[in-house]
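The values are calculated or read from the model by the stated rules, or taken from the named source; none is laboratory data. As the structure is a computational prediction, the values presented were derived from the model and not from experiment. We place every Cβ from the backbone using ideal geometry, glycine too, and count neighbours over all the protein chains shown.
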Amino acid sequence: MIGCDIVVCSRIEKIYERHKTLFLDKFLSKQEQNYIKNTNTLAGFWAIKEAASKALGVGISKECSFFDIIISKDDKNAPHISFSQKVMQEFNIKSASVSVAHDGGFAIAVVAIETKQG
């Protein structure tokens, strides 16, 4: 399953400027917030979570909330994605990969999810 999302970075920046931590707390865990260094990264994280929910085919919903999608970074600062146990079981997820890019004022993310057989 594959999901993709693109967002205008300035849109996320405006929302953040208006609502600050209230906005962050709506879709990022405290650990994820620690990774945010600028609004481009913030826009990328938004795109990652949207792309992941689209890969599952449900969007952000009661079946998969923003907090069921977990973003981490490795020692090279590359993003990684995982899911809550609830979502892992419900959607029979074996593994997931993410790619995110920023250019021309946009952030785009692609998430690929592999499911278990059976």
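Below is a table of values for the structure above.
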{"quantity": "Positions within region 1-23 being of a type in the set (D, E) and surrounded by fewer than 12 Cβ atoms within 10 Å (Cβ to Cβ), in sequence order", "calculated": "E17"}
{"quantity": "Matching entry among K76, K26, K86 (being within 14 Å of the chain's Cα centre (by Cα) and either surrounded by fewer than 21 Cβ atoms within 10 Å (Cβ to Cβ) or part of a helix (DSSP H, G or I) (or both))", "calculated": "K26"}
{"quantity": "Members of region 29-49 found to be out of contact with any Asp or Glu (no Cβ under 7 Å at 6 or more places or on another chain), assigned to a helix (DSSP H, G or I) and among the hydrophobic types (A, V, I, L, M, F, W, C), listed by number", "calculated": "L42, A43, W46, I48"}
{"quantity": "Tabulated pairs, region 24-44, first farther than 19 Å from D74 by Cα, second of a type in the set (A, V, I, L, M) and assigned to a helix (DSSP H, G or I), C-beta under 8 angstrom, 6+ apart or interchain", "calculated": "L24/L42; T39/I12"}
{"quantity": "So I12, is it in a helix (DSSP H, G or I) and farther than 30 Å from N92 by Cα", "calculated": "yes"}
{"quantity": "Filtered residues of region 93-110 (kept if at positive phi and either in contact (Cβ under 8 Å) with a residue 40 or more places away in the chain or surrounded by 12 or more Cβ atoms within 10 Å (Cβ to Cβ) (or both))", "calculated": "G105"}
{"quantity": "Count - residues of region 25-62 that are in contact with a helix residue (DSSP H, G or I) (Cβ under 7 Å, 6 or more places away or on another chain), within 20 Å of T115 (Cα to Cα) and not basic (K, R)", "calculated": "2"}
{"quantity": "Residue under evaluation D68, criteria (1) crowded, with 18+ Cβ neighbours inside 10 Å; (2) farther than 15 Å from V111 by Cβ; (3) acidic (D, E), criterion not met", "calculated": "(2)"}
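For (1) within 20 Å of S29 (Cα to Cα); (2) touching a His at 6+ places or on another chain (Cβ under 7 Å); (3) at pLDDT 95 or above, each residue gets a yes or a no:
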{"position": "D68", "(1), (2), (3)": "yes, no, yes"}
{"position": "N77", "(1), (2), (3)": "yes, no, no"}
{"position": "I81", "(1), (2), (3)": "yes, no, yes"}
{"position": "K86", "(1), (2), (3)": "yes, no, yes"}
{"position": "S95", "(1), (2), (3)": "no, no, yes"}
{"position": "V100", "(1), (2), (3)": "yes, no, yes"}
{"position": "I108", "(1), (2), (3)": "no, no, yes"}
{"position": "V111", "(1), (2), (3)": "yes, no, yes"}
{"position": "Q117", "(1), (2), (3)": "no, no, no"}
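A quick yes/no check of all residues on (1) in a helix (DSSP H, G or I); (2) surrounded by 21 or more Cβ atoms within 10 Å (Cβ to Cβ); (3) polar (S, T, N, Q); (4) without any contact (Cβ under 8 Å) to a residue 12 or more places away in the chain:
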residue	(1), (2), (3), (4)
A51	yes, yes, no, no
A55	yes, yes, no, no
S61	no, no, yes, yes
A112	no, no, no, no
